Amino acid sequence: MRIGITGADGFLGWHLRCLLYGDTHDTAVPCDQASFADDNALDNLVATSDAIVHFAGINRGTEDEVLNGNLAITDRLIAALVRSGRSPHVLFASSIQIERDNPYGQAKRVCAQHLEAWADGCGARFTTVVLPNAFGEFGRPFYNSVVATFCHQLVLGEEPRIVADAPLELIHAQDVAAKFVALADDGTAGLIRVTGHQPLLVSEILERLQHLNATYACGVFPLLADSFDLQLFNTLQSFRFPDWAQGTLGVHIDERGPLWEVVRAQGTGQTFVSRIDPGITRGNYYHRHKVERFAVLSGSGRIRLRRLFAPDVHVYELTGEAPAYVDMPTFCTHSIENIGSTPLLTLSWCGELLDTGKPDTWSEPVTMREAVV
């Protein structure tokens, strides 16, 4: 199935692209903001998609910008559907805000009504997917979610402020993406209410993030046995990229020689040692949920990192003479190259035991263009 994505350069659109990118069953047809504004590009989206996930919209702004702006975006998609004469399955990302009398909730209700009217008129399948508060890697602070805002502030060493300590039902963006793919594959129509994690007060969410951040800042990977804590931690880590992905390792020296700890973790994990000959590169893959750290024990290595669908390659150089590490954010493809004249000895640690049936390792070349950090 070819799944069109409006708002493909937005938060949820990017996560859906990431989910579909390594998939061999369904294919993403991305439509970013610039393409959506172009009639030919929008017509191509409608003409080549079996299903369309409609994420494009406005989350913040004046009452007029939110209400009328979202309606104008949805009506533009409907106009392209009418021009095409086709009736792909349309899945609309709505929000639990529809239960409230605010401009965003009103906009979501009216947009759904317009899309449903189009679907009824041509016999197309239409699904309204009501979502709780979504969070995840590389969210936009002060825009996408309070989790993104808190992560941004904690990484910068700022003190987050709680405006209203209300309960929030959270769901990770990858869980949202998986739900849309399942609904598209099954051809499910109608109104679907997606449930997230058990509601937590904003203060409780902040406390969890503060604990994860403080533990990691002390040089320890926190316990990540709970999938929700893992999702929060990976979200937090994404805000450390690229400037704070690299760190130094404390070296203890006595008459016996140097000693340093590469990883300290409260949970389980697995450690690998690899030897890389001069001129050889290992890696060129990314993970969706796996926590991973690379360190150089001897020799000279160059680690490259690139966020999926982004052009910039960030480069970190490590040597055994100055023990350091680089932590790999999820959804960032990475590689390590031996740039010296002697064998490169590396140590890599991941926060889970390898499952050969589900290795969470997806091939993707790193090098496009480089921005040295």
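Key figures
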| quantity | calculated |
| --- | --- |
| Of all residues making up region 358-373, the number that are modelled with pLDDT under 90 and assigned to a loop (DSSP other than H, G, I, E, B) | 3 |
| Residue that is farther than 22 Å from G136 by Cβ, more than 19 Å from the chain's Cα centre (by Cα) and in a loop (DSSP other than H, G, I, E, B), where the choices are S335, S348, S341 | S341 |
| Criterion: buried (at least 20 other Cβ atoms within 10 Å of the Cβ) and not in a helix (DSSP H, G or I) - qualifying residue of G61, G57 | G57 |
| Checklist (1) buried (at least 18 other Cβ atoms within 10 Å of the Cβ); (2) touching a helix residue (DSSP H, G or I) at 6+ places or on another chain (Cβ under 9 Å); (3) more than 25 Å from V147 (Cα to Cα); (4) free of Cβ contacts under 8 Å to residues at least 60 places away in the same chain applied to S95, failing item | (3) |
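Residue by residue, here is whether (1) crowded, with 20+ Cβ neighbours inside 10 Å; (2) more than 15 Å from L347 (Cβ to Cβ); (3) in contact with a strand residue (DSSP E or B) (Cβ under 7 Å, 6 or more places away or on another chain); (4) in the same structural domain as L20 (by TED's automatic domain parsing) holds:
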{"residue": "P222", "(1), (2), (3), (4)": "yes, yes, no, no"}
{"residue": "L232", "(1), (2), (3), (4)": "yes, yes, no, no"}
{"residue": "D254", "(1), (2), (3), (4)": "no, yes, no, no"}
{"residue": "W260", "(1), (2), (3), (4)": "no, no, yes, no"}
{"residue": "G269", "(1), (2), (3), (4)": "no, no, yes, no"}
{"residue": "V273", "(1), (2), (3), (4)": "no, no, yes, no"}
{"residue": "N284", "(1), (2), (3), (4)": "no, yes, yes, no"}
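Yes/no matrix, rows are residues, columns are (1) under 30 Å from A28 (Cα atoms); (2) assigned to a strand (DSSP E or B); (3) within 18 Å of the chain's Cα centre (by Cα):
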{"position": "V262", "(1), (2), (3)": "no, no, no"}
{"position": "G267", "(1), (2), (3)": "no, no, no"}
{"position": "S274", "(1), (2), (3)": "no, yes, no"}
{"position": "G283", "(1), (2), (3)": "yes, yes, no"}
{"position": "R288", "(1), (2), (3)": "yes, no, yes"}
{"position": "F294", "(1), (2), (3)": "no, yes, no"}
{"position": "L297", "(1), (2), (3)": "no, yes, no"}
{"position": "I303", "(1), (2), (3)": "yes, yes, no"}
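The values are calculated or read from the model by the stated rules, or taken from the named source; none is laboratory data. Everything quoted here is computed from the prediction, not taken from an experiment. All Cβ positions, glycine included, derive from the backbone under ideal geometry; neighbour counts span all protein chains shown.
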